[in-house]
Amino acid sequence: MTSTEKSWNEWQREHHPSTASSPVVERFRVCRSDLDLHRYMGVWYELARYPTFFEPEHAKNIVAEYSMTQEFEDILVKNSMELDGERIFITGTASFDRRFFSREKGQDQTKLLVDFAQGYPAQYWILCVDENYQTALVGNESKNNLWILSRQKSIPCFQYQKLLYILTHQFGYDVNQLIPTQQT
């Protein structure tokens, strides 16, 4: 980091000292088995992500669309991105991670495995959503994947700051690794 660059925490303390250490999670809740998966279905725009090999840094207009199968056993996943002026699509399925099933509570619907026909399902953990299912944070157990999703192509700055606060203080993610996703 150069002397002119600032970490998110430095910028937050300088520009918004009142929110730098205050609890701002009133509209968001950590997802547990009470997640309404049907409300989660639909189109989500990626606002930011950790770097991944399958989403190049210069990819833009990244969108994910989720829909339930008729049997309600799997979720159909359709992801798309714009890369070098071309729209690229990939489809797959998400299923419940059976490691998080208990007889008392049933299946934890926040812990999914997504497979794009590669044979290597990846963890997709819905960390939290806002009360209206308009923004969501998605990660995984090892905290090496992270996505900030929204039903809209952009959200107000204060709301984005709340999400970053939650990621840092509730989940222990390093928000300095996030790459903003261009949505046009």
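Pick from the stretch 15-40 the residues that are assigned to a loop (DSSP other than H, G, I, E, B) and surrounded by 17 or more Cβ atoms within 10 Å (Cβ to Cβ): which of them is modelled with the highest pLDDT?
Looking at residues that are assigned to a loop (DSSP other than H, G, I, E, B) and surrounded by 17 or more Cβ atoms within 10 Å (Cβ to Cβ), I get LEU35.
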Test: residue in the stretch 99-111 that is free of Cβ contacts under 8 Å to residues at least 60 places away in the same chain, touching a Leu at 6+ places or on another chain (Cβ under 9 Å), within 23 Å of LEU35 (Cα to Cα) and not in a loop (DSSP other than H, G, I, E, B):
no
Restricting the stretch 132-141 to residues that are in contact with a strand residue (DSSP E or B) (Cβ under 6 Å, 6 or more places away or on another chain) and surrounded by 14 or more Cβ atoms within 10 Å (Cβ to Cβ), the one farthest from TRP44 (Cα to Cα) turns out to be ASN140
Checked against (1) in contact with a strand residue (DSSP E or B) (Cβ under 8 Å, 6 or more places away or on another chain); (2) under 20 Å from PRO51 (Cα atoms); (3) β-branched (Val, Ile, Thr), VAL129 satisfies every condition except (2)
Here the residues within the stretch 165-184 that are over 26 Å from ASP97 (Cβ atoms) and in contact with a Leu (Cβ under 9 Å, 6 or more places away or on another chain) are PRO180, GLN183
Matching residues in the stretch 142-160 (loosely packed, with under 12 Cβ neighbours inside 10 Å and under 13 Å from the mean Cα position of the chain (by Cα)) number 0
Among the residues of the stretch 64-85, is there at least one that is at pLDDT 80 or above, closer than 20 Å to ILE155 by Cα, charged (D, E, K, R) and under 16 Å from the mean Cα position of the chain (by Cα)? yes
Across (1) at pLDDT below 65; (2) surrounded by 13 or more Cβ atoms within 10 Å (Cβ to Cβ); (3) within 24 Å of GLU131 (Cα to Cα), THR110 clears everything bar (1)
In the stretch 41-100, anything exposed (fewer than 15 other Cβ atoms within 10 Å of the Cβ) and closer than 17 Å to ASN145 by Cα is listed as PRO51, PHE53, PHE54, PRO56, GLU57
*asked:* Tell me yes or no: at least one residue of the stretch 135-148 is touching a residue at least 24 places away in the same chain (Cβ under 8 Å), acidic (Asp, Glu) and in a loop (DSSP other than H, G, I, E, B).
replied: no
Scanning the stretch 149-181 residue by residue, those in a loop (DSSP other than H, G, I, E, B) and either in contact with a His (Cβ under 9 Å, 6 or more places away or on another chain) or more than 22 Å from MET41 (Cβ to Cβ) (or both) turn out to be PRO156, GLN170, PHE171, GLY172, TYR173, ASP174, LEU178
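The values are calculated or read from the model by the stated rules, or taken from the named source; none is laboratory data. Because the structure is a prediction, the values reported are computed rather than measured. Using ideal geometry, Cβ is built from the backbone for each residue, glycine included, and neighbour counts are taken over all protein chains shown.
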